[in-house]
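Remarks on the structure that follows.
The values are calculated or read from the model by the stated rules, or taken from the named source; none is laboratory data. The shown structure was predicted, so the numbers you read here are calculated from the model rather than taken from an experiment. Positions of Cβ are generated from backbone atoms using ideal geometry, with glycine treated the same way; all protein chains shown enter the neighbour counts.
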Amino acid sequence: MDKFTKFTSRAVSLPLNDVDTDMILPAEYLKNVSRTGFGENLFQALRTDDPDFPLNLEKYKGAEVLVAGNNFGCGSSREHAVWAVVQAGFRVIIAKSFADIFYNNGAKNGLMLVTLSAPIVDKMLLDAESGDYEVSVDLESQTVTLPSGEKESFDFDPFRRHCMLGGLDDIDYINSHKAEIDAFRQTTNPTRFSSTEGL
């Protein structure tokens, strides 16, 4: 996956709580046998039902940061929901909180998920309605810079931070320790675990 260090973009205001994975990517769009083609169906049901849904609005075209409320990504464990967000062009979601499984799936797929306090997110949701609200997210310093220049700090899992800064998915991370793994295997006595041991 791509490295994530610092990213700047306009933000989309999505003032909704409890956005579940079925809202993000309805179940009828899970039929692909590959990991491609999901982005075009991001929030498809909501976009179809509401012409004024944020992702339908021209003012947000090209924005790559999504700002939302509480418990974003709740519901099922489908990783497809994260794939849809990434394939639709979003690099960052800023919210008051995230569902645990969605949070972990996001980090594994290079989607930066930032948790900020409710008052800050509420102000961001309001200000981002303008369509030209630009924020910068810096994973190295773990800060979000608002248009005013104000910086807000956020917590991030140290392991996932290491992987995202290095552009490492779980397999890449394991492969990055290949030399140590090989050295350990060479020092392990293969007869130690013999099925006949003790007979």
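Condition first: more than 24 Å from residue 130 (Cβ to Cβ), in a helix (DSSP H, G or I), β-branched (Val, Ile, Thr) and in contact with a Ser or Thr (Cβ under 8 Å, 6 or more places away or on another chain). Can you find one or more residues in segment 87-101 that meet it? Outline the logic, then answer.
Narrowing segment 87-101 to residues more than 24 Å from residue 130 (Cβ to Cβ): 87, 97-101.
Applying the additional criterion that residues be in a helix (DSSP H, G or I) yields 87, 100-101.
Filter again for β-branched (Val, Ile, Thr), leaving 101.
If we keep only those that are in contact with a Ser or Thr (Cβ under 8 Å, 6 or more places away or on another chain) too, we end up with 101.
Yes, the conditions are met somewhere in segment 87-101.
Being part of a helix (DSSP H, G or I), of a type in the set (A, V, I, L, M, F, W, C), touching a strand residue (DSSP E or B) at 6+ places or on another chain (Cβ under 8 Å) and touching a residue at least 24 places away in the same chain (Cβ under 8 Å) is a description that does not apply to residue 66.
Taking the residues in segment 40-83 that are β-branched (Val, Ile, Thr) and surrounded by 18 or more Cβ atoms within 10 Å (Cβ to Cβ) as candidates, determine which candidate is farthest from residue 19 (Cα to Cα).
From segment 40-83, those β-branched (Val, Ile, Thr) are 48, 65, 67, 82; that's our starting set.
Adding the requirement that they be surrounded by 18 or more Cβ atoms within 10 Å (Cβ to Cβ) leaves 65, 67, 82.
Values: 65: 16, 67: 12, 82: 13 Å.
Taking the candidates together, the pick is 65.
Checked against (1) without any contact (Cβ under 8 Å) to a residue 40 or more places away in the chain; (2) within 20 Å of residue 18 (Cβ to Cβ); (3) outside any strand (DSSP E or B); (4) not aromatic (Phe, Trp, Tyr), residue 161 passes all but condition (2). Restricted to segment 5-39, and to residues there that are of a type in the set (Gly, Ala, Ser) and part of a loop (DSSP other than H, G, I, E, B), the residue that is surrounded by the most Cβ atoms within 10 Å (Cβ to Cβ) is 37.
Regarding segment 114-127, can at least one residue be identified that is in a helix (DSSP H, G or I) and small (Gly, Ala, Ser)? Checking segment 114-127: at least one residue is in a helix (DSSP H, G or I) and small (Gly, Ala, Ser). Taking each residue of segment 22-41 that is over 18 Å from residue 90 (Cβ atoms) and modelled with pLDDT of 80 or more and looking for partners that are assigned to a helix (DSSP H, G or I) and not basic (Lys, Arg) with beta-carbon atoms closer than 7 Å, six or more apart or interchain, yields 30/80. Does residue 82 fit the bill of being within 18 Å of the chain's Cα centre (by Cα), within 22 Å of residue 166 (Cβ to Cβ) and outside any helix (DSSP H, G or I)? It is false that residue 82 is within 18 Å of the chain's Cα centre (by Cα), within 22 Å of residue 166 (Cβ to Cβ) and outside any helix (DSSP H, G or I).
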